[in-house]
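First comes the structure, then the notes that go with it.
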Ligand code: ADP
């Protein structure tokens, strides 16, 4: 019987699961938009098992990662999210030298050595500036879905500056701009620029080497990706696997244990 391995990444905003086959290929993955403290982790596992068409008994090793990894009982071990993100990123884009991970609650910049090992990192986990949460709050103020922000950004004629990176101050700034009838697309572009400036400053602290891969759910927002490219003056790579990079890394570590 094939030996399958599983990685589960329990974040603040979402739960992700990846199942790898015998040649460490991805055979199923899932993202459930509920993170730690909810039924999200179990639903992510069930969704991946059902997509692979298998029962839990087919999984030989499971590794958990993410903010909620120690609350998940069904894993054989847990591994830090930094280690898992670095592993997942190198799998997604071999040769990657810098990873910018923007999730629901934190922003991490990772330096990867030529050999593909994590060599340095810097993390913003005390404040919501530049995180998915920042974007979720701004989208709510604008009565938009976070998944629609990129489309508005794409048709912006200019950028209405949102000078504060703090979610509380930025929210008031955006409300004031709405009262002044600022064009919605330009305001969205300003919000993206504010989030990107936070990520860019973290990246500069570890020194940016190319190629650069963006991971985390915010990598799905092409507006933030473009704003970050503008801030840094270089190309940012994203992948359909960007949001599941941590779960992928956990599954790869599980694979090594088989
Ligand atoms: P965590 O791992 O910290 O739980 P994720 O890496 O899953 O978080 O990122 C969650 C964030 O990703 C959300 O707060 C949201 O801003 C953003 N996001 C998720 N899905 C989308 C989407 N379809 N389009 C744009 N942004 C998204």
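Measuring nothing but how far apart in sequence close Cα pairs (under 8 Å, 6+ apart) lie, relative to its length, the chain scores a relative contact order of 25 percent. From the alpha carbon centroid of region 163-207 to that of region 104-153 is 13 Å. Taking other C-beta atoms within 10 Å as the exposure proxy, 17, 166, 84 rank 166, 84, 17 from fewest upward.
When 29, 85 are sorted by how many other C-beta atoms sit within 10 angstrom of their C-beta, beginning with the fewest, the order is 29, 85. Counting neighbouring beta carbons within 10 Å and listing from fewest to most, the residues 151, 143 come out as 143, 151. Under the shape rule built on the C-alpha gyration tensor, where the axes satisfy a ≥ b ≥ c, region 37-160 is oblate, since a/c reaches at least 1.5 while a/b does not exceed b/c.
Considering the chain at the alpha-carbon level, its Rg and Dmax are found to be 18.5, 65 Å. Relative to the longest principal axis of the Cα atoms of the chain, the long axis of helix 132-141 makes an angle of roughly 50 degrees. Short-range pairs are left out: with C-alpha atoms under 8 Å and at least six residues apart, the relative contact order of region 188-254 is 38 percent. Taking Cα atoms only, the orientation of helix 81-92 departs from the longest principal axis of the chain by about 90 degrees. On C-alpha positions alone, give me the angle between the axis of helix 222-232 and the longest principal axis of the chain, in degrees, nearest 10. Orientation of helix 222-232: about 70 degrees from the principal axis.
Each reported figure results from applying straightforward, stated rules to the coordinates on display, with no laboratory input. Fair warning: this is a prediction, and the values are worked out from it, not measured in the lab. Counting neighbours? That spans all protein chains shown, and the Cβs are built from the backbone with ideal geometry, glycine included.
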